[in-house]
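S.K.: Let me begin by handing over the structure; questions about it come next.
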Amino acid sequence: MPVLHQMQVSGNCYKIRLAARQLGVELTLKDYGLLDGTTRKPEFLSKNPNGRVPLLEYEDGRTLAESNAILWHLSEDTFLLPSDRWGRAEVLQWMFFEQYSHEPYIAVARFWLAFARKEDLEKRRHLVPEWHTKGNAALGVMETHLAKHDWFAAGRYSIADIALYGYTHSAADGGFDLSTYPAVAAWVRRVANEPGHVPLEFTW
């Protein structure tokens, strides 16, 4: 059975758990502490030199890092990834958007405001306005798209939605108010109603 090296509160790790659950892929979860530095120790670095989770590990020793790469791998030839070239390109478009324009601000604000040590947060307090400005800009892009579309790619639920849902649905932890983005809020509810959906706190 594949092992998912992960942190339970991480939105990036949650993406993998959610997709796996909806695809019926069984995983063994190996948890790491958020602030204990275990992903920077030699044992883990031998598996992923970047020292980050999620990391998917197979029994034959193969490992795959980066949440969206893992999502793509798990969803190949399934209902979560369109089979046509244009639909797949749309999925990639939104997954790149999530990593470059969304996650660096919404996820970062969530970590520092909800989970970091207070003394460490104070050293970065001056960055909070920038995180909020750029995170809200990303939510604005999503709002514009979702005002006209139910889903992000190919007109149906896909890993593009899972990639963006991971940190969007928990954005309030970072000081973002989704009530000002009604189309985004409605989309969050649609994702939560998809068959096989499990909340971030769910483990197995």
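S.K.: Scanning the stretch 125-151 for residues that are surrounded by fewer than 13 Cβ atoms within 10 Å (Cβ to Cβ) and charged (D, E, K, R), which turns out farthest from L178 (Cα to Cα)?
M.R.: Applying the filter and picking the extreme gives R125.
S.K.: Pairs needed: first member in the stretch 44-63, more than 12 Å from L4 (Cα to Cα); second member anywhere, of a type outside the set (A, V, I, L, M) and assigned to a loop (DSSP other than H, G, I, E, B); C-beta distance under 7 Å; at least 6 residues apart or different chains.
M.R.: The qualifying pairs are F44/G51; L45/G51.
S.K.: Report the residue count in the stretch 25-39 for those that are more than 18 Å from the chain's Cα centre (by Cα) and touching a residue at least 40 places away in the same chain (Cβ under 8 Å).
M.R.: Residues in the stretch 25-39 being more than 18 Å from the chain's Cα centre (by Cα) and touching a residue at least 40 places away in the same chain (Cβ under 8 Å): 1 in total.
S.K.: Enumerate the pairs (first residue in the stretch 6-20 and closer than 16 Å to D36 by Cβ; second residue anywhere and acidic (D, E) and not in a helix (DSSP H, G or I)) with beta-carbon separation below 7 Å, excluding pairs fewer than 6 apart on the same chain, so at least 6 apart or on different chains.
M.R.: Q6/D31; M7/D31; Q8/D31
S.K.: To continue, here is another question. Taking the conditions exactly as written (open to solvent by less than 20 Å² (accessible area, probe 1.4 Å), within 22 Å of S67 (Cβ to Cβ) and of a type in the set (G, A, S)), does A154 satisfy them or not? Quick ask: steps written out before the conclusion?
M.R.: On the way: open to solvent by less than 20 Å² (accessible area, probe 1.4 Å): no; within 22 Å of S67 (Cβ to Cβ): yes; of a type in the set (G, A, S): yes.
Taking the combined requirement at face value, the residue does not satisfy it.
S.K.: Does any residue in the stretch 76-98 that is touching a residue at least 12 places away in the same chain (Cβ under 8 Å) come within less than 8 Å, Cβ to Cβ, of a residue that is of a type in the set (D, E, K, R) and open to solvent by less than 70 Å² (accessible area, probe 1.4 Å) six or more places away or on a different chain, and which pairs are these?
M.R.: L81/R88; P82/R88; P82/E90
S.K.: Can you give me the ranges of the strands (runs of 3 or more DSSP E) entirely in the stretch 1-91 with at least 2 residues that are open to solvent by less than 30 Å² (accessible area, probe 1.4 Å) and at pLDDT 95 or above?
M.R.: On the way: elements: 3-6, 28-31, 55-57, 63-65.
Fully inside the stretch 1-91 and qualifying: 3-6, 55-57.
The values are calculated or read from the model by the stated rules, or taken from the named source; none is laboratory data. Note that the coordinates shown come from a computational prediction; the quantities given were computed from them, not determined experimentally. So basically every Cβ, Gly included, is an ideal-geometry build from the backbone, and we count neighbours across all protein chains shown. With ligands, DNA and RNA removed, areas are computed over all heavy atoms of the protein, side chains included. Shrake-Rupley method; radii C 1.70, N 1.55, O 1.52, S 1.80 Å.
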